[in-house]
Each structure stands twice: as structure tokens, then as C-alpha cells.
Amino acid sequence: DFVLRKYTRAEKKESGLFYLNLYEGVGKKAEYGKRVYVNYYVTDTAGKIYDSNIKDIAIKGGIYHKEIAYKPFDFVLGDDALIAGWNEGVSYMRVGGHCKLVIPSRLAYGELGFSSIPPYTPLVFDITLVKQADN
């Protein structure tokens, strides 16, 4: 399996998501229904950067736009508007943690693709869970 050869410590979840914990974090575990704040970038398996909320990475990847505010991305964990693999992966994290997720296309944008991401593209997310609201 390509993912396990490249990321030998990755854990394959029942859904098909691969989760690689790079740093555990010492804060609270992410909880469904709570607002979480993350820094991230996303690539394809060849390393092409598609999106990031981190200015230096956006510049490096040639996707920087000066009108975008590069700050932690916040969302309610479990929100149906987000791809399934993203919600599942973040749910394994603790505040302060850092991970890589390898998300098969069926848990990402599938046969439709999204914006510049072609159909059937597995995605690699690098995510740091910055904080979780107490709500």
C-alpha cells in the first residue's frame, strides 16, 4: 500500500483514512459539535499544494493571495459542509497536536473534484489543532 510505504507509522482507520500522529498535543481532545481552530495545508500525493491558511506555505506553493487573511481556520467539528476525512481526522487530535491525514478520494471530493482539485484525488492534509472553543 502506497500510503504505508511512504508514512510507515500511519494508522489505517476502518473508514480508509490514514492518520499519522506527528505530535500528540497536551490539550483537550477535539469534540464533535465544538468549534475548533486549525492551521493546515493540503497537497495531493505528489506534493502539489492546493490550499493552506499558513501564509509562508501559500507563498511557497504559489497559491498566496494578498486579500486572504492567513489565520487559523475555524469550524464546528462534524459540520457536514466539510469533507468526511477532515472531520474524522481532526476528531482524533488533541489541542496542540500535529498530524498528517491521507484521505482517499471517496472521503474527500470524490468523482466531482473541487476547484483546482481533480476528480478522484486522494489528499494529504497536514494539520495542527490550535484550540477548541469551550462552547
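Distance from the Cα centroid of the range 78-114 to that of the range 23-44 is 10 Å (rounded to whole angstrom).
For Cα extents along the principal axes in Å, pick the label among (1) 48, 33, 31; (2) 79, 35, 24; (3) 39, 37, 26 that corresponds to the value derived from the coordinates. Here Cα extents along the principal axes in Å agrees with entry (3).
Want the number for LYS131 to LYS13: 0.36 nm per residue separation, take away the alpha-carbon distance, what's left?
Numbers: separation 118, 0.36 × 118 = 42.48 nm, distance 2.41 nm.
Result: 40.1 nm gained on full extension.
For the chain, the dipole from Cβ point charges (+1 on Lys and Arg, -1 on Asp and Glu) about the Cα centre works out to 400 debye, to the nearest 20.
What is the projected area of the convex hull of the Cα atoms of the range 2-60, averaged over all directions, in nm²? Its Cα hull, projected and averaged over all orientations, spans 5.8 nm². Using 0.36 nm per residue of separation minus the Cα-Cα distance, give me the extension gain between LYS34 and PHE2 in nm, one decimal. Going from the current span to full extension adds 8.2 nm.
Ranked from highest to lowest mean number of other Cβ atoms within 10 Å per residue, what is the order of the peptides 77-83, 102-108? Mind showing how you got there, number by number?
Details: 77-83: 13.9, 102-108: 20.9.
Ranked by mean Cβ neighbours within 10 Å, highest first: 102-108, 77-83.
Whole number in Å², please: accessible area per residue of the chain, 1.4 Å probe, ligands, DNA and RNA not counted.
Working: 7640 Å² over 135 residues.
The answer is 57 Å² per residue.
SER91 label point, 7 Å along Cα→Cβ, cut-off 13 Å on backbone N: hits in the range 121-135? From the range 121-135, the list is empty. The heavy atoms of SER52 present about 10 square angstrom of accessible area, all protein chains included, probe 1.4 Å.
Would you calculate, for the chain, the mean residue ellipticity at 222 nm contributed by helices, counting each DSSP H stretch of 4 or more residues as -39,500 (n - 2.57) and dividing by all residues, to the nearest 500? Display every interim value, and only then the final one.
Numbers: 3 runs with 19 residues, N = 135.
Roughly -3500 deg cm²/dmol at 222 nm, from the helical runs in the chain.
Rounded, prolate or oblate: pick one for the range 38-93, where a ≥ b ≥ c are the square roots of the eigenvalues of its C-alpha gyration tensor, a/c under 1.5 means rounded, and failing that, prolate if a/b is larger than b/c, else oblate.
The shape class here is oblate.
I need the calculated FRET efficiency for the pair LYS66 and SER115, taking r as the beta carbon distance and R₀ as 25 Å, to the nearest 0.05. Rounded to the nearest 0.05, the efficiency is 0.85. What residues from the range 100-128 fall in the zone where the backbone N is under 11 Å from a label point 7 Å along the Cα-to-C-beta line of LEU82? Residues 128 fall inside that zone.
The values are calculated or read from the model by the stated rules, or taken from the named source; none is laboratory data. Everything quoted here is computed from the prediction, not taken from an experiment. Glycine also receives a Cβ, built like all others from the backbone with ideal geometry; neighbour counts cover every protein chain displayed. Keep in mind that these areas ignore ligands, DNA and RNA; they rest on the heavy atoms of the full protein, side chains included. Shrake-Rupley method; radii C 1.70, N 1.55, O 1.52, S 1.80 Å.
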